[in-house]
1. Tell me the residue from Glu338, Glu308 that is out of contact with any Leu (no Cβ under 8 Å at 6 or more places or on another chain), more than 24 Å from Phe92 (Cα to Cα) and acidic (Asp, Glu), please.
2. Filter the range 157-187 down to the residues that are among the polar types (S, T, N, Q) and not in a helix (DSSP H, G or I), then identify the one that is surrounded by the most Cβ atoms within 10 Å (Cβ to Cβ).
3. Could you say which residue among Ile267, Ile272 is of a type in the set (A, V, I, L, M, F, W, C), on the phi < 0 side of the Ramachandran plot and touching a Pro at 6+ places or on another chain (Cβ under 8 Å)?
4. Out of the residues in the range 104-156 meeting the condition of being more than 19 Å from the chain's Cα centre (by Cα) and in a helix (DSSP H, G or I), tell me which one is surrounded by the most Cβ atoms within 10 Å (Cβ to Cβ).
5. Quick check on my filter: what residues within the range 291-322 are among the charged types (D, E, K, R) and touching a helix residue (DSSP H, G or I) at 6+ places or on another chain (Cβ under 9 Å)?
6. I'm checking my understanding of the structure. Among residues of the range 282-307 that are without any contact (Cβ under 8 Å) to a residue 40 or more places away in the chain and in a loop (DSSP other than H, G, I, E, B), which one is farthest from the chain's Cα centre (by Cα)?
7. Report yes if Gly271 is out of contact with any His (no Cβ under 8 Å at 6 or more places or on another chain), touching a residue at least 40 places away in the same chain (Cβ under 8 Å), under 23 Å from Glu333 (Cβ atoms) and not acidic (Asp, Glu), otherwise no.
8. Quickly run through the range 97-126 and pick out the residues that are under 18 Å from Gly140 (Cα atoms), touching a helix residue (DSSP H, G or I) at 6+ places or on another chain (Cβ under 8 Å) and at pLDDT 80 or above.
Amino acid sequence: MTEQSKTNEELRCIGCGAIIQSEDPNEPGYTPAAAVKKGLVNNELYCQRCFRLRHYNEIAPVSLTDDDFLQLLNHIREANALIVYVVDIFDFNGSLIPGLHRFVGNNPVLLVGNKEDLLPHSLRRTKLRDWIRQQANVAGIRPIDTLLVSAKKNHQIEELLNTIEKYRQHRDVYVVGVTNVGKSTLINQIIKQRTGVKDLITTSRFPGTTLDKIEIPLDDGQELIDTPGIIHQHQMAHVLPAQDLKLVAPQKEIKPRTYQLSDGQTIFMGGIARFDYLKGPKVGVVAYFDNNLQLHRTKFSNADTFYEKHLGDLLTPPTKTTKGQIPSLERFEFSTDEKTDLVYEGLGWITVPAGIAVAGWAPQGVRVLTRRAMI
(Lines give C-alpha, C1' and ligand atoms only; values in the text may rest on other atoms or scores of the structure.)
Protein backbone atom coordinates (compact mmCIF):
# COMPACT_ATOMS: atom_id res chain seq x y z
CA MET A 1 0.00 0.00 0.00
CA THR A 2 1.36 3.43 -0.91
CA GLU A 3 1.82 6.20 1.63
CA GLN A 4 -0.93 8.15 -0.09
CA SER A 5 -3.46 5.33 0.19
CA LYS A 6 -2.59 4.87 3.87
CA THR A 7 -3.32 8.56 4.40
CA ASN A 8 -6.65 8.34 2.59
CA GLU A 9 -7.75 4.93 3.86
CA GLU A 10 -10.45 6.12 6.27
CA LEU A 11 -11.28 9.42 4.60
CA ARG A 12 -14.68 9.70 2.92
CA CYS A 13 -16.21 12.26 0.60
CA ILE A 14 -18.77 14.27 2.59
CA GLY A 15 -20.84 14.67 -0.58
CA CYS A 16 -21.39 11.05 -1.62
CA GLY A 17 -19.75 8.90 1.05
CA ALA A 18 -17.19 7.25 -1.25
CA ILE A 19 -13.78 6.39 0.25
CA ILE A 20 -11.25 9.00 -0.88
CA GLN A 21 -8.44 7.71 -3.12
CA SER A 22 -5.89 9.46 -5.33
CA GLU A 23 -4.79 6.58 -7.54
CA ASP A 24 -7.49 5.84 -10.15
CA PRO A 25 -9.49 8.71 -11.71
CA ASN A 26 -12.05 6.20 -13.04
CA GLU A 27 -12.96 4.76 -9.64
CA PRO A 28 -15.31 6.24 -7.01
CA GLY A 29 -13.75 8.67 -4.52
CA TYR A 30 -10.92 9.89 -6.76
CA THR A 31 -9.41 13.15 -5.52
CA PRO A 32 -6.00 14.58 -6.50
CA ALA A 33 -3.58 14.46 -3.56
CA ALA A 34 -3.30 18.26 -3.48
CA ALA A 35 -7.08 18.55 -3.24
CA VAL A 36 -7.11 16.08 -0.35
CA LYS A 37 -4.70 18.26 1.64
CA LYS A 38 -6.70 21.38 0.86
CA GLY A 39 -9.97 19.69 1.77
CA LEU A 40 -8.58 18.55 5.12
CA VAL A 41 -7.40 22.07 5.92
CA ASN A 42 -10.79 23.59 5.00
CA ASN A 43 -12.74 20.69 6.56
CA GLU A 44 -14.56 20.25 3.19
CA LEU A 45 -13.29 17.05 1.65
CA TYR A 46 -15.15 16.22 -1.58
CA CYS A 47 -14.15 13.74 -4.24
CA GLN A 48 -13.49 15.23 -7.68
CA ARG A 49 -16.87 13.98 -8.95
CA CYS A 50 -18.80 15.72 -6.16
CA PHE A 51 -16.71 18.87 -6.48
CA ARG A 52 -17.66 19.12 -10.15
CA LEU A 53 -21.26 18.31 -9.37
CA ARG A 54 -21.47 21.01 -6.68
CA HIS A 55 -19.76 23.76 -8.65
CA TYR A 56 -20.57 22.95 -12.28
CA ASN A 57 -23.58 20.56 -12.08
CA GLU A 58 -21.40 18.17 -14.05
CA ILE A 59 -22.04 14.47 -13.48
CA ALA A 60 -19.40 11.80 -14.11
CA PRO A 61 -20.19 8.10 -14.62
CA VAL A 62 -18.94 5.64 -12.02
CA SER A 63 -18.23 1.92 -12.09
CA LEU A 64 -20.70 0.84 -9.38
CA THR A 65 -23.21 -1.82 -10.45
CA ASP A 66 -26.71 -2.63 -9.21
CA ASP A 67 -25.20 -5.45 -7.16
CA ASP A 68 -22.82 -2.99 -5.48
CA PHE A 69 -25.73 -0.84 -4.37
CA LEU A 70 -27.75 -3.79 -3.10
CA GLN A 71 -24.76 -5.21 -1.25
CA LEU A 72 -24.32 -1.91 0.57
CA LEU A 73 -27.89 -2.23 1.88
CA ASN A 74 -27.81 -5.88 2.88
CA HIS A 75 -26.50 -5.22 6.39
CA ILE A 76 -29.66 -3.22 7.23
CA ARG A 77 -31.46 -6.52 7.77
CA GLU A 78 -29.13 -7.33 10.67
CA ALA A 79 -29.35 -3.86 12.22
CA ASN A 80 -31.76 -2.72 14.92
CA ALA A 81 -32.96 0.49 13.32
CA LEU A 82 -35.83 2.62 12.04
CA ILE A 83 -36.02 2.57 8.23
CA VAL A 84 -37.10 5.84 6.61
CA TYR A 85 -38.25 4.85 3.13
CA VAL A 86 -38.37 7.87 0.79
CA VAL A 87 -40.48 7.73 -2.37
CA ASP A 88 -41.11 10.32 -5.08
CA ILE A 89 -44.87 10.96 -5.09
CA PHE A 90 -44.74 12.10 -8.71
CA ASP A 91 -42.97 8.86 -9.71
CA PHE A 92 -44.34 6.52 -7.05
CA ASN A 93 -44.08 3.29 -9.04
CA GLY A 94 -40.57 4.11 -10.17
CA SER A 95 -39.70 4.75 -6.50
CA LEU A 96 -40.50 1.23 -5.31
CA ILE A 97 -37.51 -0.86 -4.21
CA PRO A 98 -38.08 -4.44 -5.43
CA GLY A 99 -38.01 -6.86 -2.50
CA LEU A 100 -37.59 -4.16 0.15
CA HIS A 101 -38.55 -6.69 2.84
CA ARG A 102 -35.27 -8.50 2.18
CA PHE A 103 -33.37 -5.44 3.37
CA VAL A 104 -35.44 -4.27 6.33
CA GLY A 105 -35.97 -7.58 8.14
CA ASN A 106 -38.06 -6.93 11.26
CA ASN A 107 -37.22 -3.23 11.40
CA PRO A 108 -40.15 -0.76 11.27
CA VAL A 109 -40.60 1.32 8.10
CA LEU A 110 -41.62 4.97 8.06
CA LEU A 111 -42.91 5.82 4.55
CA VAL A 112 -42.09 9.36 3.39
CA GLY A 113 -43.64 10.73 0.20
CA ASN A 114 -41.35 13.47 -1.08
CA LYS A 115 -42.04 16.17 -3.71
CA GLU A 116 -45.64 16.68 -2.62
CA ASP A 117 -45.28 20.28 -3.84
CA LEU A 118 -45.41 18.95 -7.43
CA LEU A 119 -48.99 17.73 -7.11
CA PRO A 120 -52.00 20.08 -7.50
CA HIS A 121 -52.99 21.93 -4.31
CA SER A 122 -56.59 20.88 -5.01
CA LEU A 123 -55.71 17.27 -4.20
CA ARG A 124 -56.49 16.65 -0.52
CA ARG A 125 -53.30 15.58 1.28
CA THR A 126 -55.14 13.15 3.56
CA LYS A 127 -56.46 11.38 0.47
CA LEU A 128 -53.00 11.38 -1.10
CA ARG A 129 -51.41 9.97 2.06
CA ASP A 130 -54.01 7.16 2.13
CA TRP A 131 -53.37 6.46 -1.55
CA ILE A 132 -49.60 6.02 -1.21
CA ARG A 133 -50.05 3.88 1.92
CA GLN A 134 -52.48 1.61 0.05
CA GLN A 135 -50.14 1.41 -2.95
CA ALA A 136 -47.28 0.51 -0.58
CA ASN A 137 -49.48 -2.24 0.90
CA VAL A 138 -50.04 -3.62 -2.61
CA ALA A 139 -46.24 -3.78 -2.96
CA GLY A 140 -45.98 -5.74 0.29
CA ILE A 141 -44.83 -2.84 2.49
CA ARG A 142 -46.63 -2.20 5.80
CA PRO A 143 -45.39 1.18 7.08
CA ILE A 144 -45.89 2.16 10.72
CA ASP A 145 -46.73 5.68 9.53
CA THR A 146 -46.89 7.74 6.32
CA LEU A 147 -45.83 11.36 5.87
CA LEU A 148 -45.86 13.79 2.95
CA VAL A 149 -42.99 16.28 2.65
CA SER A 150 -41.26 18.58 0.22
CA ALA A 151 -37.52 18.56 0.83
CA LYS A 152 -37.05 21.26 -1.81
CA LYS A 153 -39.60 23.58 -0.16
CA ASN A 154 -38.62 22.57 3.39
CA HIS A 155 -42.24 21.57 3.98
CA GLN A 156 -43.12 19.25 6.90
CA ILE A 157 -39.44 18.57 7.66
CA GLU A 158 -39.87 19.44 11.35
CA GLU A 159 -42.85 17.07 11.55
CA LEU A 160 -40.72 14.38 9.91
CA LEU A 161 -37.95 14.88 12.47
CA ASN A 162 -40.46 14.65 15.32
CA THR A 163 -41.96 11.48 13.83
CA ILE A 164 -38.50 9.92 13.45
CA GLU A 165 -37.81 10.66 17.13
CA LYS A 166 -41.17 9.13 18.07
CA TYR A 167 -40.44 5.81 16.36
CA ARG A 168 -36.66 5.35 16.47
CA GLN A 169 -36.47 4.76 20.25
CA HIS A 170 -32.74 5.50 20.53
CA ARG A 171 -31.89 3.38 17.48
CA ASP A 172 -30.00 4.23 14.31
CA VAL A 173 -32.03 5.58 11.38
CA TYR A 174 -31.42 4.33 7.83
CA VAL A 175 -32.75 6.50 5.01
CA VAL A 176 -33.36 4.41 1.87
CA GLY A 177 -34.79 5.03 -1.59
CA VAL A 178 -34.12 4.65 -5.29
CA THR A 179 -32.19 7.30 -7.20
CA ASN A 180 -33.89 10.61 -7.99
CA VAL A 181 -36.44 10.58 -5.13
CA GLY A 182 -34.78 13.62 -3.51
CA LYS A 183 -33.28 11.65 -0.65
CA SER A 184 -30.06 13.65 -0.41
CA THR A 185 -32.00 16.93 -0.59
CA LEU A 186 -34.08 15.67 2.32
CA ILE A 187 -30.95 14.76 4.31
CA ASN A 188 -29.54 18.22 3.61
CA GLN A 189 -32.69 19.81 5.01
CA ILE A 190 -32.40 17.67 8.15
CA ILE A 191 -28.75 18.70 8.59
CA LYS A 192 -29.66 22.37 8.02
CA GLN A 193 -32.49 22.17 10.57
CA ARG A 194 -30.17 20.73 13.20
CA THR A 195 -26.81 22.42 12.45
CA GLY A 196 -27.43 25.35 10.10
CA VAL A 197 -25.04 23.87 7.51
CA LYS A 198 -26.43 24.14 3.95
CA ASP A 199 -26.08 21.62 1.09
CA LEU A 200 -23.48 19.38 2.70
CA ILE A 201 -24.42 16.35 0.61
CA THR A 202 -24.19 16.61 -3.18
CA THR A 203 -27.49 16.42 -5.04
CA SER A 204 -28.48 16.27 -8.69
CA ARG A 205 -31.38 15.35 -10.96
CA PHE A 206 -29.15 12.60 -12.36
CA PRO A 207 -29.18 9.01 -11.04
CA GLY A 208 -26.64 7.68 -8.56
CA THR A 209 -25.37 10.80 -6.78
CA THR A 210 -24.72 9.17 -3.38
CA LEU A 211 -22.22 6.32 -3.77
CA ASP A 212 -21.76 4.97 -0.25
CA LYS A 213 -23.53 5.39 3.06
CA ILE A 214 -23.12 8.75 4.80
CA GLU A 215 -23.30 8.69 8.62
CA ILE A 216 -24.67 11.71 10.49
CA PRO A 217 -24.40 11.66 14.31
CA LEU A 218 -27.56 12.07 16.39
CA ASP A 219 -27.71 13.64 19.87
CA ASP A 220 -27.86 10.32 21.74
CA GLY A 221 -24.82 8.78 20.05
CA GLN A 222 -26.81 6.91 17.40
CA GLU A 223 -26.57 7.79 13.68
CA LEU A 224 -28.78 8.82 10.80
CA ILE A 225 -27.41 6.96 7.79
CA ASP A 226 -28.00 8.09 4.21
CA THR A 227 -27.66 5.00 2.02
CA PRO A 228 -26.86 5.05 -1.71
CA GLY A 229 -29.83 5.34 -4.03
CA ILE A 230 -30.77 2.03 -5.60
CA ILE A 231 -30.80 2.33 -9.38
CA HIS A 232 -34.25 1.60 -10.81
CA GLN A 233 -33.41 0.86 -14.44
CA HIS A 234 -36.97 1.36 -15.74
CA GLN A 235 -37.07 5.10 -15.03
CA MET A 236 -36.99 7.67 -17.82
CA ALA A 237 -33.88 9.24 -16.22
CA HIS A 238 -31.82 6.25 -17.33
CA VAL A 239 -32.54 6.60 -21.06
CA LEU A 240 -32.65 10.37 -21.59
CA PRO A 241 -29.53 12.45 -22.22
CA ALA A 242 -28.90 15.02 -19.48
CA GLN A 243 -30.02 18.01 -21.56
CA ASP A 244 -33.35 16.31 -22.34
CA LEU A 245 -33.90 15.22 -18.74
CA LYS A 246 -33.93 18.89 -17.74
CA LEU A 247 -36.98 19.38 -19.98
CA VAL A 248 -39.15 16.67 -18.38
CA ALA A 249 -38.21 16.64 -14.66
CA PRO A 250 -40.86 18.76 -12.86
CA GLN A 251 -39.59 21.60 -10.68
CA LYS A 252 -42.92 23.17 -9.65
CA GLU A 253 -46.61 22.32 -9.24
CA ILE A 254 -48.03 20.32 -12.13
CA LYS A 255 -50.95 21.81 -14.03
CA PRO A 256 -53.24 18.98 -15.22
CA ARG A 257 -54.20 19.07 -18.90
CA THR A 258 -57.61 17.69 -19.94
CA TYR A 259 -58.44 16.31 -23.40
CA GLN A 260 -61.76 15.17 -24.84
CA LEU A 261 -60.89 12.17 -27.02
CA SER A 262 -62.70 9.89 -29.45
CA ASP A 263 -61.21 6.49 -30.11
CA GLY A 264 -58.63 6.56 -32.86
CA GLN A 265 -56.78 9.56 -31.44
CA THR A 266 -53.18 9.84 -30.23
CA ILE A 267 -51.35 12.21 -27.88
CA PHE A 268 -47.58 12.59 -28.12
CA MET A 269 -45.63 13.66 -25.02
CA GLY A 270 -42.82 15.43 -26.83
CA GLY A 271 -41.05 12.73 -28.81
CA ILE A 272 -40.38 10.42 -25.86
CA ALA A 273 -43.81 8.93 -25.14
CA ARG A 274 -47.15 8.34 -26.78
CA PHE A 275 -50.77 7.61 -25.76
CA ASP A 276 -53.26 5.89 -28.10
CA TYR A 277 -57.01 5.77 -27.40
CA LEU A 278 -57.89 2.49 -29.08
CA LYS A 279 -61.52 1.70 -28.30
CA GLY A 280 -64.43 3.21 -26.38
CA PRO A 281 -66.89 6.15 -26.34
CA LYS A 282 -65.88 9.80 -26.34
CA VAL A 283 -64.15 10.42 -22.99
CA GLY A 284 -62.15 12.96 -21.05
CA VAL A 285 -58.60 12.09 -20.06
CA VAL A 286 -56.28 14.11 -17.81
CA ALA A 287 -52.52 14.33 -18.38
CA TYR A 288 -50.04 14.91 -15.53
CA PHE A 289 -46.60 15.81 -16.89
CA ASP A 290 -44.07 18.61 -16.44
CA ASN A 291 -45.65 21.89 -17.52
CA ASN A 292 -42.87 22.48 -20.06
CA LEU A 293 -43.38 19.14 -21.82
CA GLN A 294 -45.29 19.84 -25.04
CA LEU A 295 -48.26 17.53 -25.74
CA HIS A 296 -49.57 17.15 -29.30
CA ARG A 297 -52.81 15.47 -30.38
CA THR A 298 -53.25 13.81 -33.77
CA LYS A 299 -55.16 10.99 -35.44
CA PHE A 300 -54.01 7.46 -34.67
CA SER A 301 -53.99 6.65 -38.41
CA ASN A 302 -51.50 9.48 -38.99
CA ALA A 303 -49.42 9.06 -35.82
CA ASP A 304 -46.44 7.15 -37.22
CA THR A 305 -45.98 9.61 -40.12
CA PHE A 306 -46.43 12.58 -37.75
CA TYR A 307 -43.77 11.16 -35.40
CA GLU A 308 -41.19 10.54 -38.15
CA LYS A 309 -41.75 13.98 -39.67
CA HIS A 310 -41.62 16.07 -36.47
CA LEU A 311 -39.30 14.18 -34.09
CA GLY A 312 -36.65 16.60 -32.83
CA ASP A 313 -38.45 19.84 -33.73
CA LEU A 314 -42.21 19.96 -32.97
CA LEU A 315 -41.87 16.80 -30.88
CA THR A 316 -39.16 17.67 -28.32
CA PRO A 317 -37.43 16.28 -26.39
CA PRO A 318 -35.38 14.85 -27.97
CA THR A 319 -33.74 17.69 -29.81
CA LYS A 320 -32.24 17.32 -33.26
CA THR A 321 -28.85 16.67 -31.65
CA THR A 322 -30.08 14.03 -29.16
CA LYS A 323 -32.79 12.15 -31.04
CA GLY A 324 -30.33 9.49 -32.16
CA GLN A 325 -29.46 8.78 -28.51
CA ILE A 326 -32.97 7.75 -27.40
CA PRO A 327 -34.17 4.13 -27.88
CA SER A 328 -37.14 3.52 -30.16
CA LEU A 329 -40.59 3.55 -28.56
CA GLU A 330 -42.07 0.28 -27.28
CA ARG A 331 -45.86 -0.33 -27.13
CA PHE A 332 -47.92 -1.56 -24.13
CA GLU A 333 -51.68 -2.20 -24.44
CA PHE A 334 -54.26 -2.16 -21.61
CA SER A 335 -58.01 -2.40 -20.98
CA THR A 336 -59.47 -0.63 -17.94
CA ASP A 337 -62.18 -1.83 -15.55
CA GLU A 338 -61.94 1.17 -13.18
CA LYS A 339 -60.68 4.74 -13.24
CA THR A 340 -57.00 4.18 -14.00
CA ASP A 341 -53.65 5.93 -14.29
CA LEU A 342 -51.55 4.94 -17.29
CA VAL A 343 -48.06 5.54 -15.88
CA TYR A 344 -44.86 6.31 -17.79
CA GLU A 345 -42.20 5.70 -15.14
CA GLY A 346 -40.22 8.82 -14.36
CA LEU A 347 -42.25 10.98 -16.76
CA GLY A 348 -45.86 11.22 -15.53
CA TRP A 349 -49.26 9.66 -16.17
CA ILE A 350 -52.62 9.97 -17.93
CA THR A 351 -55.82 9.29 -15.98
CA VAL A 352 -58.47 7.46 -18.02
CA PRO A 353 -61.99 6.17 -17.22
CA ALA A 354 -63.16 2.58 -16.91
CA GLY A 355 -64.25 0.48 -19.86
CA ILE A 356 -61.82 1.57 -22.58
CA ALA A 357 -58.77 0.17 -24.39
CA VAL A 358 -55.58 2.21 -24.58
CA ALA A 359 -51.90 1.85 -25.48
CA GLY A 360 -48.85 3.58 -24.05
CA TRP A 361 -45.51 3.91 -25.77
CA ALA A 362 -42.16 4.69 -24.09
CA PRO A 363 -38.47 4.30 -24.96
CA GLN A 364 -37.33 0.69 -24.71
CA GLY A 365 -36.31 0.02 -21.11
CA VAL A 366 -38.89 2.43 -19.61
CA ARG A 367 -41.93 0.74 -18.09
CA VAL A 368 -45.51 1.69 -18.88
CA LEU A 369 -48.04 0.30 -16.38
CA THR A 370 -51.49 0.86 -14.90
CA ARG A 371 -52.60 1.53 -11.32
CA ARG A 372 -55.70 2.67 -9.46
CA ALA A 373 -56.12 6.38 -10.16
CA MET A 374 -54.36 8.68 -7.71
CA ILE A 375 -56.65 11.66 -8.38
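The values are calculated or read from the model by the stated rules, or taken from the named source; none is laboratory data. This is a predicted model, so every value here is computed, not measured. Counting neighbours? That spans all protein chains shown, and the Cβs are built from the backbone with ideal geometry, glycine included.
1. Values: Glu338 fails: more than 24 Å from Phe92 (Cα to Cα).
Criteria check complete, one pass: Glu308.
2. Going residue by residue through the range 157-187, those that are among the polar types (S, T, N, Q) are 162-163, 169, 179-180, 184-185.
Those still in the list that are not in a helix (DSSP H, G or I) too: 169, 179-180.
Working: Gln169: 10, Thr179: 25, Asn180: 27.
If we take residues in the range 157-187 being among the polar types (S, T, N, Q) and not in a helix (DSSP H, G or I), then Asn180 is surrounded by the most Cβ atoms within 10 Å (Cβ to Cβ).
3. Numbers: Ile267 fails: touching a Pro at 6+ places or on another chain (Cβ under 8 Å).
It is Ile272.
4. Val104
5. Looking only at the range 291-322, we keep the residues that are among the charged types (D, E, K, R), and these are 297, 299, 304, 308-309, 313, 320.
Result: Lys299, single match.
6. Lys282
7. Working: out of contact with any His (no Cβ under 8 Å at 6 or more places or on another chain): no; touching a residue at least 40 places away in the same chain (Cβ under 8 Å): yes; under 23 Å from Glu333 (Cβ atoms): yes; not acidic (Asp, Glu): yes.
Judged against the criteria, Gly271 is not a match.
8. Ile97, Val104, Gly105, Asn107, Pro108, Leu110, Leu111, Val112, Gly113
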